[in-house]
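The structure appears below as structure tokens.
The values are calculated or read from the model by the stated rules, or taken from the named source; none is laboratory data. Source: prediction; values computed, not measured. Backbone-built Cβ (ideal geometry, glycine too); neighbour counts: all protein chains shown. These accessible areas exclude ligands, DNA and RNA; they are computed on the full protein's heavy atoms, side chains included. Shrake-Rupley method; radii C 1.70, N 1.55, O 1.52, S 1.80 Å.
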Amino acid sequence: MNRQAIRQKTVQVASSTMISRLLGMVREVLMANLLGVGVIADAFITAFKIPNSMRKVFAEGALSAALVPTFVSLGKKDDKQAVSSLMTLSLLIFEGILLVLCVLIFWKAEAVIRFIAPGWYCIPQQREFVVFGIPVLDKTIGACVAFLAQGQAGAQVAYAVSFLRLLIGFILFLSTSALLASALQSVNDFFVPAFAQVLINVIFIGGILLCMIFNWPIKVLCGFILFSGLAHMLWHLIAYFRVGFSFAPITEKTWVSIRQVLRKFLPCLLSMSVMELLLVVSTSIASFLPAGSISLVYYANRFMGIPLGVFSRAFSTVLFPYFARVGTYARSRLSFFLFEAAKLIFWVMVPVSLIFAFISEKLFLTLFLSKKFTMVHVQEASTILIIFVTGLFFFSLNHILLNLYYALHETRIPLYISVAVLLIDVVLSYYILMPLFGAAGIALTTVIVSALQTVLFTLGLQYFFGIVLYTKRFASFALKSVTQCTLLGAAFAVIYYAAVSLINSLGSWAPTLLTTLMFWAWFCPLAVAFFLALFRTRRYFGISLYFLE
């Protein structure tokens with residue numbers, strides 16, 4: 001693919017992802033109204049996080065990283081029969097293993113919840129020690145008691161166990177979809193996998209609405225989620241046959257290919273597992289905080305996921321097979337493409353971070369405020385979101401960097417880095433920042449370790465693969481980008497506050513236009529104008545972006 005094709009594919013994926021994220025936002029608002037912030041919400045979010053985390057490891061993560069380069073290699077030989085045979089064997093192996101794992105989780109659901117949310121099982125001893133002069137609550141003894149099954153289960157546990165046993169099958173459908181999506185991506189079909197998430201959200205939203213209208217139990221919602229996974233798989237299956245693939249007999253050549261896949265998959269599985277554990281750790285540590293903390297971290301994280309999904313993940317998904325191809329014949333060019341990708345991510349994510357921080361309280365005030373989501377929850381969630389979005393650049397760039405490692409067929413280095421980052425995350429969050437700042441401390445830890453991960457990933461690429469980082473050139477670009485964002489952002493703020501002042505003069509209409517959904521009717525056009533101004537004026541600030549030219 002050339003630059004134009006990359007832009008077109010990125011826009012295609014981003015458009016589908018944008019629809020999905022908007023629906024996802026509707027879904028989270030409805031979920032907050034249905035579940036609120038408390039025991040049942042924490043239980044459902046924790047149970048749903050388990051198959052969702054497995055999805056990012058087995059479906060969207062390690063499987064794609066291992067299979068896409070192999071499918072690309074077979075596709076270069078125009079050998080659809082070989083791809084079809086490899087797909088047959090991959091389904092038998094990966095789905096068989098995953099089925100066994102799901103049965104074990106169903107059987108030992110309570111043990112899984114105990115591991116994921118140990119804070120629900122114990123009341124930590126109120127003992128303090130000092131770290132760098134700061135008193136910190138020691139929860140180590142309480143956590144050990146929980147893991148040894150000596151603690152008393154909290155109220156959330158029974159709900160979480162019942163939800164988990166219903167939801168765990170969700171990963172089987174999504175994992176099958178991921179296998180099919182890898183074949184589709186190898187022939188540059190990114191629309192089907194991107195749009196499939198829309199199906200899940202539509203069915204999910206339908207389930208929430210029916211549960212609200214008919215006062216059905218949350219277990220019924222779990223059934224709707226399972227059905228959405230089935231629809232997701234069928235959508236991929238139809239597309240898989242449409243592009244000319246099938247399920248062919250397994251040959252000796254297929255076994256050679258699957259061995260190549262497994263050699264990549266196992267280290268990728270560990271790397272992706274560690275990265276996903278960084279998010280799971282947030283839930284585990286938040287379980288030691290008051291009820292509702294898990295929900296607040298989750299809702300704030302979902303808003304952060306909008307720009308990540310719409311742009312960075314769409315961009316990295318399209319670049320992955322491109323990196324894999326370039327790495328086979330012109331590895332030296334990867335330095336340039338990484339530099340340009342980092343520039344584009346920085347130029348997009350800095351203003352996005354500022355906008356989200358600017359309106360963080362309005363997001364929760366206009367969309368979530370209800371009897372079950374109070375003004376106190378609005379303020380807490382807003383603070384957590386502000387902290388999260390400061391790390392958007394690092395979260396986004398890490399997707400690109402990890403895919404570059406995988407495109408270079410290197411899986412050990414990101415694994416070692418991810419393990420080190422995970423250990424730092426646990427210590428920093430559990431012992432220092434969470435006791436000091438609560439749920440906000442968990443978000444702050446995530447940002448810090450993600451920045452550290454970015455540094456280690458880039459240094460690893462430079463040291464082991466000779467990737468040139470162009471540090472001075474990037475710093476010069478970043479200065480130009482920040483200058484542009486600052487000047488246009490100041491103009492945006494002046495216009496915004498002038499609009500607020502004008503609205504306040506309208507009397508009884510003011511609360512409607514400032515604290516309800518009507519707020520977005522005038523703010524969204526203003527935000528769009530801000531980003532269009534950034535795009536149109538970039539040349540005046542000396543900003544050149546390879547993937548946009």
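Data overview
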{"quantity": "Lone qualifier among L392, L433 - being closer than 30 Å to L461 by Cβ and at pLDDT 90 or above", "calculated": "L392"}
{"quantity": "Selection status of V449, of a type outside the set (G, A, S), in contact with a helix residue (DSSP H, G or I) (Cβ under 6 Å, 6 or more places away or on another chain) and not in a helix (DSSP H, G or I)", "calculated": "no"}
{"quantity": "Complete set of residues in region 419-476 that are aromatic (F, W, Y) and under 30 Å from S332 (Cα atoms)", "calculated": "F457, Y463, F464, F465, Y470, F474"}
{"quantity": "Enumeration of residues in region 24-48 that are at pLDDT below 85 and either open to solvent by less than 10 Å² (accessible area, probe 1.4 Å) or under 19 Å from the mean Cα position of the chain (by Cα) (or both)", "calculated": "G24, M25, G36"}
{"quantity": "Filter result (in a helix (DSSP H, G or I) and open to solvent by 10 Å² or more (accessible area, probe 1.4 Å)) within region 364-381", "calculated": "L365, T366, L367, M375, V376, H377, Q379, E380"}
{"quantity": "Tally, over region 400-446, of residues that are on the phi < 0 side of the Ramachandran plot and either hydrophobic (A, V, I, L, M, F, W, C) or not in a helix (DSSP H, G or I) (or both)", "calculated": "30"}
{"quantity": "T454 hydroxyl-bearing (S, T, Y), within 21 Å of I386 (Cα to Cα) and touching a residue at least 60 places away in the same chain (Cβ under 8 Å)", "calculated": "yes"}
{"quantity": "Sole exception among (1) modelled with pLDDT of 85 or more; (2) more than 23 Å from the chain's Cα centre (by Cα); (3) open to solvent by less than 20 Å² (accessible area, probe 1.4 Å) for L104, by number", "calculated": "(3)"}
{"quantity": "Test: V494 is among the β-branched types (V, I, T), part of a helix (DSSP H, G or I) and over 30 Å from the mean Cα position of the chain (by Cα)", "calculated": "yes"}
{"quantity": "Selected residue [part of a helix (DSSP H, G or I), at pLDDT 70 or above and in contact with a Ser or Thr (Cβ under 9 Å, 6 or more places away or on another chain)] from L262, L270, L308, L279", "calculated": "L308"}
{"quantity": "Selection from region 439-482 of residues that are buried (at least 19 other Cβ atoms within 10 Å of the Cβ) and among the small types (G, A, S)", "calculated": "A439, A440, G441, A443, S450, S481"}
{"quantity": "Contacts under 8 angstrom Cβ, first residue in region 471-494 being in contact (Cβ under 8 Å) with a residue 60 or more places away in the chain, partner of a type in the set (V, I, T) and not in a helix (DSSP H, G or I), 6 or more apart", "calculated": "F477/I543; K480/I543; S481/I543"}
{"quantity": "Of residues in region 504-517 being assigned to a helix (DSSP H, G or I) and without any contact (Cβ under 8 Å) to a residue 12 or more places away in the chain, the one most open to solvent (accessible area, probe 1.4 Å)", "calculated": "W509"}
